[in-house]
1. Any idea which of THR146, PHE101, GLY111 is furthest toward the positive side of the dipole for the range 100-149, if Lys and Arg beta-carbons carry +1 and Asp and Glu beta-carbons -1?
2. Quick check on the range 81-172: of the DSSP beta bridges with both residues there, what percent are antiparallel, nearest 5%?
3. Taking 0.36 nm per residue of separation and subtracting the Cα-Cα distance, what length does fully extending ARG36 through VAL13 add?
4. Magnitude of the Cβ-charge dipole of the range 45-117, K/R +1 and D/E -1, about the Cα centre, nearest 20 debye?
5. Give me the Kirkwood hydrodynamic radius of the range 41-143 in Å, from all C-alpha pairs, to one decimal place?
6. Straight-line reach only, C-alpha to C-alpha below 20 angstrom: list the aspartates and glutamates that LYS190 could link to, leaving out same-chain residues fewer than 8 apart.
7. Want the number for GLN92 to TRP117: 0.36 nm per residue separation, take away the alpha-carbon distance, what's left?
Amino acid sequence: MIPRPKLRRVLRVRRNAIAPRQRGQHAKALARRLGRHPLFVRARRVGAYCSNDGEIDPAPLLSAARARHKRVFLPVLRAHPYQKLWFVEVRQDSRLTRNRFGIPEPNLRRGRIRLPWALDLLLVPLVGFDPDCNRLGMGGGFYDRTLAYLRIRRCWQRPRLIGLAHECQRVEAIDTGPWDVPLDGVATEKRIWSRGPSKSTAHRRTGGTGTARSTSATPDQVEHQ
């Protein structure tokens, strides 16, 4: 198995090689697909991110969320030494400022802070993923630390986690650690990869791996596969 640092470099190069026009097409295709998924349809509070470094852009999906009167939240980096994320509600005209990594985020003075369990659905950026919906992030550990409580909680699994990616970011397998928080699914421009709910819960409790399926059917058929 390729070591994580090397795999991260390879996949970042791969996603940055996608032409801007094609990235936009991917974002719109993902929005059409995930916009019909029951986790998105039922969610009232949706957390997302501002795309950076070639990540697939959730903006078309967030526009659909607002059109359906859903509330949209973006992450804010907590100050050192916590290395975790808060979430602040944003609207179409909200002003964002760049954090220490150059990524736009909401102004804490203009919004109420929410903790992750206040969200129904969290759309998570990633560098790579595998068919079991294991996630390879940028290496900072912000999401894993923020969502660590999901690994031990036996009920009230909120928010549900969907990774967003270009299909070219999929790899055969990702080496996981006990700190990794698995995703409920991964959406790309071509399909939705879904981990079965019982296996996802078992993974969060034990650190094991589950088995996921890909589908080209309508997204509302995959939530319980």
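1. Most positive-ward Cα: GLY111.
2. If I count the DSSP bridges inside the range 81-172, around 55 percent turn out antiparallel.
3. 5.2 nm
4. So the magnitude is around 460 debye.
5. 14.4
6. Qualifying aspartates and glutamates at Cα under 20 Å: GLU55, ASP57, ASP130, ASP132, GLU167, GLU172, ASP220, GLU223.
7. 6.7 nm
Just so you know, all these numbers are worked out from the coordinates, no wet-lab data involved. Here the structure is a predicted model, which means the values were calculated and not measured. Because the Cβ atoms are built from the backbone with ideal geometry, glycine has one as well, and the counts that use them run over all protein chains shown.
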